[in-house]
Each structure stands twice: as structure tokens, then as C-alpha cells.
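Some notes on the structure that comes next.
The values are calculated or read from the model by the stated rules, or taken from the named source; none is laboratory data. Here the structure is a predicted model, which is why all the values come from computation and not from measurement. Positions of Cβ are backbone-derived with ideal geometry, glycine not excepted, and every protein chain shown enters the neighbour counts.
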Amino acid sequence: MIIVENLPVPFDRRVWKECLALKEKGYGVSVIAPRDSMSTEPSREELDGISIYRFSPYHSTGGFLSYLFEYAVAIAKSFWLTGVVLRREGFRIVHICNPPDLLIMAVLPYKLLGKKIIFDQHDLCPEIYQTQKGLREGQRNLVHSVLSFFEWLTYRLSDAVLVVNDSCKRVACTRGGKSPNDVFVVRNGPSEESIRDVSPNPNLKNGKPYLLVYVGMMGPQEGMDVLLRAIRALRDSFGRDDFHVHLIGGGTVLEQMKCYAKELGIDSIVTFAGRQNYDCVLEGIATADVCLCPDPKNPLSDKCSLVKSIEYMSIGRPFVAFDLEEVRLASGEAALYATPGDEKEYAALIDRLLGDEDLRKSMGSLGRQSVLDGLTWNHSKNSLYEAYGSVSGRMGSFQRGRS
């Protein structure tokens, strides 16, 4: 039984790929997830052999108490639905996905009943809060301490931990106290099938020779304001009027960034496409000449893998990023790296790529080959199987059926 709080399923691509991979391996899979407020999804559905149970979430309006109420509602509804799943289908393994790390409270009774818990750590929650609140490295307050406690508790009570990269594995082993043998790196790579034949859509260029593309969430920690200022610099300081910008993704600052683009005078060269399905995401990347990764350097971005960078590489597109530790480790020479916070240098690197077709092609080819050699989902799901095999092995012989 998999529980996710912050994204609907199957829209959450990582969770859905995990569901399908486990079903393929012979596990019976049930998922508890929030209902998408933008759609008419049923509260109970079976899709591709996966049982999906949805609850209506409370959406925070901002502020500590509002977030606390959102998570309290999610925990209560998840706890109730776990009982429904247990009666209808049964389960032996509970797989909880953060954020938040509070989901451990929804499944604690099942730990006491002998069920095994797998913690799928998508993000480092203390670092998310630290970044959003502008706390310095090592600076703490009450909320940060509470988040750190629940992260530790989730580590402590989990039988296995899934992480997205080696940096997060080090965190799980150091401050989480987990044995390296209980922590498994399951990267957010695309499937080989999804990136095999992707066609560009020239209409996205809006009549310009070149297209710049961003894919991802638009929250306060993604650096969208920095990106928009860099785009203005590319036009005004470097004298380019031969490009259009296509931004794919939704999030809490989407409307704010639309207003900011108007304020900067670049709204005519920027399209905010909003949230798109995966086929449209890949189409946008395939149409791009240069892709964009504007995440600023902070304790979170330095440790976390950025899914967008792997997606750019998988379609063979070069990208510009700020110099972040984990992005450089994963991407190498498939990207150009600006000094963190230097918008003018970021614009200069875009300008350099737009002016050098051979460099764009060589970087794109290198990135795509790197993904095919070791970063696709076909590689990652083997690590997922190892994690489940480890947990199942502690429960005696594995029998096909609901887990």
C-alpha cells in the first residue's frame, strides 16, 4: 500500500512508475492519494491493475496553522483509508512518500501490527523549510526542529528507505542513522520507451528561430524570478530578439510570475503553459534549442536531484544551470554552469549556446547517452526491487499477491 499526500496519482510520475514496476514484479498494489481539484477523478478507481483510493484534500492558504490543518486532514483521511484498504484488499508493506514526513503518524498502528514500512524520501523537508524561510546553514527554529524530529522518526521506524540520489543517501545514513544496506537509490529517470520517439512542435517557437524551455514546479524555491530577469538580460543586454520562452508547470507562484513578466516587459516573449501532461512536457523539451534550470544554490538544491535536468538530457537537449553539487554530478558536460545568483552570467551562457549549434548538439548527445547508460527508469526500478526484496525477505518467503 503506497500513500502520497502532495500530488494526485497517476499524475505523480515517480509514484506511478513505482506502482507499475511493482505490479510487473508480481506485487498487488493499492495507492492512497489526494484527488486532483482540477479534475473529476473518482474516489475509487482501478487503473492498469492498480487500486487507487482518493481523498479530497484541504489546500493550505499559507501560514503555519494552515499547513498544519492541511497535513492533519491528510493524515486523518489517509489513516481512515488504510483501514478500508486493509479490509478490502489487505497489505503487508506500507510505502509512504514525503513530503510531508508526518505520514508516519497515519501508519504507526500498522508498524505495531507487524507491517513493514518503506520510506520513499522524495525531498528533504527540513531543507525545504530552511530554504523557504531563508534560514542560514545550521540555523534552526521551532518549526525546523519539529520537521527534523519527524524526519528522524520516519527514518527510525522505516525498514527501508528509498532516496533519489547519493547525497540524500548520505543524509539518511548520517542524521537518519540508517544502515547503508537499508537505503536504496531510486532515481527519477524516464523510461526508455517514453523518450524513444518524441517529435518537436515548431508552433511552440511562436515564429522565432530559437526556443528556450523550462519544465518543473513553480514554487518560491525554484528561482523563477531569477530566470525571468535573466531572460530580460538576454534580450536587453545581449541584444537578442530571436528567441521565445516556453515555461511548463504549475505551482504557488505561477500567477505571481505572470505578473512579474509583465512588470519586466517580457510577457510578449514568454508563454506560461501551466501544468501539462507528460507527452506535452516531452514535446516541449524536444522543441527546445536550450533548456533552463534556474534553481538557486541552497542547502536543498545542492543535495537534491532535479528531475528536469535528467528529462532535458534524456531528449538530447543542453541546458544552463547554476552550479549545484548534485546537478553537476549527474549532468557533467551536458550543461553549462553559471555562478550561483549571477543572472547576467546565466544569460551569457544561454547566449553562448544559442550562437553555437555544434556545441548544442555535442552537449545534447553526451547528455542523452549518459541517461541511456545508467539514468533511465529501467535502471532505477532494479533498485526498487532490491528494496522490496530486502523487506520481503524479513517477512519470510514472498508470495505473489497483495503487499
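For the stretch 1-55, the set of residues classified as assigned to a loop (DSSP other than H, G, I, E, B) and among the acidic types (Asp, Glu) consists of Glu5, Asp12, Asp36, Glu41, Asp48, listed by residue number. A count restricted to the stretch 195-231 and to residues that are surrounded by fewer than 19 Cβ atoms within 10 Å (Cβ to Cβ), assigned to a helix (DSSP H, G or I) and free of Cβ contacts under 8 Å to residues at least 60 places away in the same chain stands at 2.
Among the residues of the stretch 112-119, is any farther than 21 Å from Cys19 by Cβ and either within 27 Å of the chain's Cα centre (by Cα) or hydrophobic (A, V, I, L, M, F, W, C) (or both)? Checked the stretch 112-119: at least one residue is farther than 21 Å from Cys19 by Cβ and either within 27 Å of the chain's Cα centre (by Cα) or hydrophobic (A, V, I, L, M, F, W, C) (or both).
Please find, within the stretch 343-358, the residue that is surrounded by the fewest Cβ atoms within 10 Å (Cβ to Cβ) out of those that are under 26 Å from the mean Cα position of the chain (by Cα) and not hydrophobic (A, V, I, L, M, F, W, C). Steps first, answer last, please.
Just the residues of the stretch 343-358 that are under 26 Å from the mean Cα position of the chain (by Cα), to begin with: 343, 346-347, 349-350.
Then drop every residue that is not not hydrophobic (A, V, I, L, M, F, W, C), which leaves 343, 346.
Details: Glu343: 23, Tyr346: 29.
Out of the qualifying residues, it is Glu343.
When the stretch 60-103 is filtered for residues that are of a type in the set (A, V, I, L, M), at pLDDT below 95 and within 24 Å of the chain's Cα centre (by Cα), the ones remaining, listed by number, are Leu68, Ala72, Val73, Ala74, Ile75, Leu102, Leu103.
Of all residues in the stretch 1-40 being in contact with a Pro (Cβ under 7 Å, 6 or more places away or on another chain), of a type in the set (D, E, K, R) and surrounded by fewer than 19 Cβ atoms within 10 Å (Cβ to Cβ), which is modelled with the highest pLDDT? My answer is Arg35. Please identify the pairs in which a residue from the stretch 68-93 that is buried (at least 19 other Cβ atoms within 10 Å of the Cβ) has its Cβ atom under 6 Å from the Cβ atom of a residue that is at pLDDT 95 or above, counting only partners at least 6 apart or on another chain. Pairs found: Ser78/Ile3; Ser78/Ile32; Leu81/Ile32; Leu81/Tyr53; Val85/Met1; Val85/Ser30; Phe91/Met1; Ile93/Lys116.
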